[in-house]
Each structure stands twice: as C-alpha cells, then as structure tokens.
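The values are calculated or read from the model by the stated rules, or taken from the named source; none is laboratory data. Remember, predicted model here, so these are calculated numbers, not experimental data. Note that each Cβ is placed from the backbone with ideal geometry, even for glycine, and that neighbours are counted across all protein chains shown.
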Amino acid sequence: MIWAFVGLVGMALFGYGHLKLQESRASVEWPTTNGRIITSRVESHESEDGTTYSADIVYVYNVEGTEHSSDVVVIGGHEYSAHDVVQRYPADKNVTVSYAPDDVTNAVLEPGVESYLFQTWGISAVTGSLFFALIFNTLLRVVAGEERSLLDKLVIYPVKGLWLSLGFGNRHPFILAVLVTAGIYLSTLDLWGLEYVFATAAAIYLLVLIFALYFKFLGWLSSLSEKS
C-alpha cells in the first residue's frame with residue numbers, strides 16, 4: 001500500500017505536468033503586452049544536505065488599464081539554474097508578457113516552451129515504486145518459503161548476475177573496466193529509459209573498480225615492504 005501510494009502520487013505529478021504542457025503549447029497563441037521585472041534575485045536555502053539556490057522573479061504587466069503581477073517564467077517550471085534565470089531577467093528589464101485571454105492573471109514570460117519537469121518526477125516515482133514493490137514482495141516470498149513466481153525470478157536473477165559479475169570483476173579488474181566502458185556507452189544511447197539502468201550499473205562497477213585497484217595497490221606496497 002505504501003508503494004501504491006507513491007505510485008499514485010507519481011501518476012498525479014505526471015498528469016499535472018501533462019496539463020501544464022498542453023497549456024504551454026496553447027500559450028503561443030495568447031495575446032501579449034509589455035511588462036517589467038520588479039524583483040530578480042537568487043535566494044539560498046540552507047539544509048542538512050547543503051545549500052540550494054532558487055530564483056525569485058516577479059514581473060508586472062498591464063491589461064486594459066489594470067496592473068497585474070506574476071512569477072511564472074515557463075509554464076510547468078523552467079530548468080534554468082537560479083543564477084542563469086536571474087541574469088536572463090534582471091530587475092527593471094522590459095519584457096513581453098503573454099497572458100491567457102480567459103484569465104488575464106495567468107501570464108508567462110516564455111510561451112510555448114515545453115517543460116517535462118513534473119513528468120520526469122512522476123515517471124521516476126511510478127517506476128521506483130514498482131521496482132521497490134517487486135523487491136519487497138520477492139523478499140517476503142523468499143523468507144516465507146513460498147514457491148518462486150516468474151516475477152520473483154525476474155527480480156532475483158539480475159541481482160545474482162550483478163553480484164556474480166562484481167565478485168568476478170573484483171578478482172579481474174580488467175573485466176570491471178570493460179563493464180564500466182560498456183555501461184557508459186549504453187547510457188549514451190536512446191533505449192527507452194534503459195540507459196538510466198546502464199548508467200547506474202556503470203557507476204556501481206566504477207566504484208568497485210576503484211576499490212579493487214586501491215586494495216591491489218596497497219597489496220603491492222605491502223609486498224615491497226616485505227621484500228625490503
């Protein structure tokens with residue numbers, strides 16, 4: 001039920017992102033008016049994980065003699081860094097604002113820009129919840145001694161393959177280097193999402209390769225001291 005809830009949240013994020021994407025595409029036909037940036041600054045946020053930054057952009061525009069304000073740069077969220085968007089829209093800069101004809105308070109600085117930010121979060125939540133649900137289900141079935149289903153085998157065999165390849169590669173660093181190279185190459189291809197799996201595997205192999213080479217180096221130093 002926990003992973004189902006996470007998956008539902010992911011589906012909701014994906015649906016919201018899709019609606020915003022349709023709205024962004026429609027904004028190309030919206031009427032425009034002149035506007036001005038009144039606030040443009042980078043805000044820092046301190047947390048246990050470190051410091052993060054966000055851009056505070058506010059602009060005003062006039063429609064039929066009435067002044068309105070908005071902070072929307074791209075519908076659905078922009079992917080600029082905080083410093084980049086502040087440099088792009090400094091304070092007191094004159095801008096062109098697009099606004100919805102049926103709701104003049106709904107405005108945007110960059111109409112038609114397609115953002116997939118919420119869709120990415122949604123797909124990550126859905127696929128992640130399915131993956132962990134399978135993992136937990138398989139662990140519970142193995143502990144309970146139940147007969148393994150096809151789904152259980154689909155979860156267990158890749159993990160066994162990864163574990164065996166790491167164990168074999170630890171004894172043969174050259175094999176690990178080949179696996180790292182193959183994983184990096186496959187992560188550059190468009191494989192309908194599988195490139196992220198290969199990128200993760202390459203990162204794991206690379207980490208193990210670094211440790212394997214480091215301990216072999218320590219063993220070599222130890223052998224030199226014994227000879228001396």
- Task: Just need a number here: residues in segment 172-188 that are out of contact with any Phe, Trp or Tyr (no Cβ under 7 Å at 6 or more places or on another chain) and in a helix (DSSP H, G or I).
- Result: 8
- Message: Going by what's in this entry, would residue 218 be described as in the same structural domain as residue 10 (by TED's automatic domain parsing), free of Cβ contacts under 8 Å to residues at least 40 places away in the same chain and over 30 Å from residue 119 (Cβ atoms)?
- Response: no
- Task: Scan segment 119-156 for residues that are polar (S, T, N, Q) and over 28 Å from residue 15 (Cβ atoms) and jot them down.
- Result: 138, 149
- Conditions (1) crowded, with 17+ Cβ neighbours inside 10 Å; (2) farther than 15 Å from residue 110 by Cα; (3) among the small types (Gly, Ala, Ser); (4) not assigned by TED's automatic domain parsing to the domain that holds residue 121 -> residue 7 fails only (4)
- The residue that is surrounded by the fewest Cβ atoms within 10 Å (Cβ to Cβ), considering only those in segment 30-45 that are in contact with a Pro (Cβ under 7 Å, 6 or more places away or on another chain) and closer than 21 Å to residue 101 by Cβ, is 31
- Message: Here is a check on your reading of the model: is residue 196 hydroxyl-bearing (Ser, Thr, Tyr), in a helix (DSSP H, G or I) and more than 30 Å from residue 21 (Cα to Cα)?
- Response: no
- Quick one: is residue 126 in the same structural domain as residue 16 (by TED's automatic domain parsing), buried (at least 17 other Cβ atoms within 10 Å of the Cβ) and at pLDDT 90 or above? yes
- Starting from residues that are touching a residue at least 40 places away in the same chain (Cβ under 8 Å) and either in contact with a His (Cβ under 7 Å, 6 or more places away or on another chain) or surrounded by 15 or more Cβ atoms within 10 Å (Cβ to Cβ) (or both), keep the ones in segment 169-204 and report whichever is nearest to residue 119 (Cα to Cα). 204
- Task: For residue 152, work out the one condition from (1) surrounded by fewer than 17 Cβ atoms within 10 Å (Cβ to Cβ); (2) within 23 Å of residue 1 (Cα to Cα); (3) acidic (Asp, Glu) it doesn't fulfil.
- Result: (1)
